[in-house]
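As structure tokens, the structure follows; a few thoughts come after it.
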Amino acid sequence: MDKEVFVKRSVIDSILSYAQICHPRESILLLKGKTDKKKIVISDVQIPPLATHGSSFSGFPLSRLPIDFSVMGVAHSHPSGALRPSVTDLNKFYGRLMLITAYPYQTEQNIIILDRKGQPQNYKIL
Ligand SMILES: [Zn+2]
């Protein structure tokens, strides 16, 4: 991807702690922020409006999300500890970025961000 990716520290912390709370279920959060020609900045997370207890990313109806141009993508957790996207993940890509956090959800070492091609992206924490 030709844009630089920036993520606020508070977003990283929220994603990690939400994944810990949901474990061993999968957690799903919307990544909110803005983009311009050069960069994508993720500044906030939001629990998806249709999320229910026990919902997983693979079972989540992304097509029913309201159109919201501040949503840059979706974050979800892998309770299995696998820090890589599944085939289903790549088929369900929503937005510009996909963030995956894998068990044990301790630091950004347990996080990857992917572009639509499934390529891991370097990102900077603000
Ligand atoms: Zn996944």
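Out of the stretch 99-113, which residues are in contact with a strand residue (DSSP E or B) (Cβ under 9 Å, 6 or more places away or on another chain) and within 20 Å of Arg9 (Cβ to Cβ)? If you could, list the steps in order and put the result at the bottom.
Of the residues in the stretch 99-113, the ones in contact with a strand residue (DSSP E or B) (Cβ under 9 Å, 6 or more places away or on another chain) are 99-103, 105, 108, 110-113.
Once the filter is applied, which keeps residues that are in contact with a strand residue (DSSP E or B) (Cβ under 9 Å, 6 or more places away or on another chain) and within 20 Å of Arg9 (Cβ to Cβ), the stretch 99-113 yields Leu99, Ile100, Thr101, Ala102, Tyr105, Glu108, Asn110, Ile111, Ile112, Ile113.
Specify the residue that is nearest to the ligand (Cβ to nearest atom); the eligible residues are those in the stretch 71-126 that are among the hydrophobic types (A, V, I, L, M, F, W, C) and part of a loop (DSSP other than H, G, I, E, B).
Taking the stretch 71-126 first, the residues among the hydrophobic types (A, V, I, L, M, F, W, C) are 71-72, 74-75, 82-83, 87, 90, 93, 97-100, 102, 111-114, 125-126.
Then drop every residue that is not part of a loop (DSSP other than H, G, I, E, B), which leaves 82-83, 93, 126.
Values: Ala82: 8, Leu83: 10, Phe93: 11, Leu126: 25 Å.
Taking the candidates together, the pick is Ala82.
How many of the residues making up the stretch 34-71 are in contact (Cβ under 8 Å) with a residue 60 or more places away in the chain and out of contact with any strand residue (DSSP E or B) (no Cβ under 9 Å at 6 or more places or on another chain)?
Looking only at that region, the number is 0.
Which residue out of Ser55, Ser77 is open to solvent by less than 30 Å² (accessible area, probe 1.4 Å) and at pLDDT below 95? Talk me through it step by step, then tell me what you get.
On the way: Ser77 fails: at pLDDT below 95.
Criteria check complete, one pass: Ser55.
Go through the residues of the stretch 4-22 one by one and say whether even a single one is assigned to a strand (DSSP E or B) and in contact with a His (Cβ under 9 Å, 6 or more places away or on another chain). Spell out how you get there, then give the answer.
Start the filter on the stretch 4-22 by keeping residues that are assigned to a strand (DSSP E or B), which leaves 4-7.
Next, only the ones that are in contact with a His (Cβ under 9 Å, 6 or more places away or on another chain) stay: none.
Scanning the stretch 4-22 turns up no residue that is assigned to a strand (DSSP E or B) and in contact with a His (Cβ under 9 Å, 6 or more places away or on another chain).
The values are calculated or read from the model by the stated rules, or taken from the named source; none is laboratory data. Since the model is a prediction, treat every value here as computed from it, not as a measurement. Positions of Cβ are generated from backbone atoms using ideal geometry, with glycine treated the same way; all protein chains shown enter the neighbour counts. For the accessible areas, the whole protein counts, side chains as well, though only heavy atoms, and no ligand, DNA or RNA atoms are used. Shrake-Rupley method; radii C 1.70, N 1.55, O 1.52, S 1.80 Å.
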